[in-house]
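K.L.:
This is the structure, below, for whatever I ask next.
The values are calculated or read from the model by the stated rules, or taken from the named source; none is laboratory data. Keep in mind the model is a prediction, meaning the values are calculated, not measured. Quick reminder, even Gly has a Cβ in these numbers, built from the backbone with ideal geometry, and neighbours come from all protein chains shown.
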Ligand SMILES: [Zn+2]
Ligand SMILES: [Zn+2]
């Protein structure tokens, strides 16, 4: 077995950063000096990051961040890994660390956010009759795994969530709403949005699914499948109590959580595919893509 000499860190904090442009440069220099790779978004409202590196280098990074009074409260979720989880380092300046696309109606999550539930409180609350467990992530994320019984909005991007809520008010009205996401940052904003929309009892899973999976009491119980992550691992295990697979092979329907990218590059769709179908279909998500490749057909990508 390969040694787990690397860590993958996931972290965020809403905290005012006076000169975010200069802070981007500081982060770039710090991460380069430690050989870290990953993605860090910096805005005047805070920071959202995920990086990988050798254990000692990740520890230096966490020490350095905690030594900065603005980030002393930042919680890091730490995973062991056998290698880097990212191909390179990218540190970017953004208007917001996560965007719900609210434009003029936008707000700072420190002004309005849902009540935090720690993992054990969350597990207890989700069993009640008067709650709705609401997944705040995108469709390709919950297809790989989600909490049992959760409402799963069919959205491709976080910015579509406010519209989804406005079209599904009656499902949520009068219930306690329990929202969750990968590491918690999207729910800081989304639960605040729900409160501003007039929902009175709004809760968020503190630290998200990743923290829930690390909690020694709940051990990931009631989470089905894997947690989608935005790095080369794609999915990480959460439930140590009763593991299940929720994905299905796109080609034959067998229960499966292996992701492939369609071998026809203009499609490049990420899809579940079992090993047998991968051999048979040689990596194409559909006969259309296979054929397109053979006749050299090309289309413009519509992805922005
Ligand atoms: Zn298959
Ligand atoms: Zn395809």
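K.L.:
Among the candidates 220, 207, single out the residue that is more than 18 Å from residue 139 (Cβ to Cβ), more than 16 Å from ligand 1 (Cβ to nearest atom), buried (at least 17 other Cβ atoms within 10 Å of the Cβ) and free of Cβ contacts under 8 Å to residues at least 60 places away in the same chain.
P.N.:
Just one listed residue meets the conditions, 220.
K.L.:
Could you pull out the residue among 60, 64, 33 that is without any contact (Cβ under 8 Å) to a residue 12 or more places away in the chain and either outside any strand (DSSP E or B) or over 22 Å from the mean Cα position of the chain (by Cα) (or both)?
P.N.:
Of the residues listed, the single one that is without any contact (Cβ under 8 Å) to a residue 12 or more places away in the chain and either outside any strand (DSSP E or B) or over 22 Å from the mean Cα position of the chain (by Cα) (or both) is 33.
K.L.:
Which members of segment 264-289 meet the condition of being more than 13 Å from ligand 1 (Cβ to nearest atom), farther than 30 Å from residue 148 by Cα and in contact with a helix residue (DSSP H, G or I) (Cβ under 7 Å, 6 or more places away or on another chain)?
P.N.:
Residues satisfying the conditions are 264, 267.
K.L.:
Right, next: Residues being part of a helix (DSSP H, G or I) and either surrounded by fewer than 11 Cβ atoms within 10 Å (Cβ to Cβ) or in contact with a helix residue (DSSP H, G or I) (Cβ under 9 Å, 6 or more places away or on another chain) (or both): count how many of those fall in segment 155-178.
P.N.:
Within segment 155-178, residues that are part of a helix (DSSP H, G or I) and either surrounded by fewer than 11 Cβ atoms within 10 Å (Cβ to Cβ) or in contact with a helix residue (DSSP H, G or I) (Cβ under 9 Å, 6 or more places away or on another chain) (or both) number 8.
K.L.:
Okay, next question. Are there strands (runs of 3 or more DSSP E) fully within segment 112-154 with at least 2 residues that are surrounded by fewer than 19 Cβ atoms within 10 Å (Cβ to Cβ) and touching a residue at least 12 places away in the same chain (Cβ under 8 Å)? List them. Give the steps one after another, and end with the answer.
P.N.:
Working: elements: 115-117, 131-135, 145-147.
Ranges flagged: 115-117.
K.L.:
Still on this structure, I have one more. Exactly one of these conditions fails for residue 296: (1) at pLDDT 90 or above; (2) over 20 Å from residue 228 (Cβ atoms); (3) away from ligand 2 (no atom under 11 Å from the Cβ). Give me its number.
P.N.:
Failed condition: (1).
K.L.:
Still on this structure: Mind listing whichever residues of segment 67-83 are under 15 Å from residue 40 (Cβ atoms) and part of a loop (DSSP other than H, G, I, E, B)?
P.N.:
If the condition is that a residue be under 15 Å from residue 40 (Cβ atoms) and part of a loop (DSSP other than H, G, I, E, B), then 68, 74 are the ones that fit.
K.L.:
Within segment 1-15, work out how many residues are loosely packed, with under 14 Cβ neighbours inside 10 Å and either modelled with pLDDT of 95 or more or part of a strand (DSSP E or B) (or both). Explain how you work it out, then say what you get.
P.N.:
Looking only at segment 1-15, we keep the residues that are loosely packed, with under 14 Cβ neighbours inside 10 Å, and these are 1-5.
With the extra rule that they be either modelled with pLDDT of 95 or more or part of a strand (DSSP E or B) (or both), the set shrinks to 5.
Here the count works out to 1.
K.L.:
Any idea which of (1) over 20 Å from residue 235 (Cα atoms); (2) surrounded by fewer than 18 Cβ atoms within 10 Å (Cβ to Cβ); (3) modelled with pLDDT of 95 or more is the one residue 91 doesn't satisfy?
P.N.:
Unmet condition: (2).
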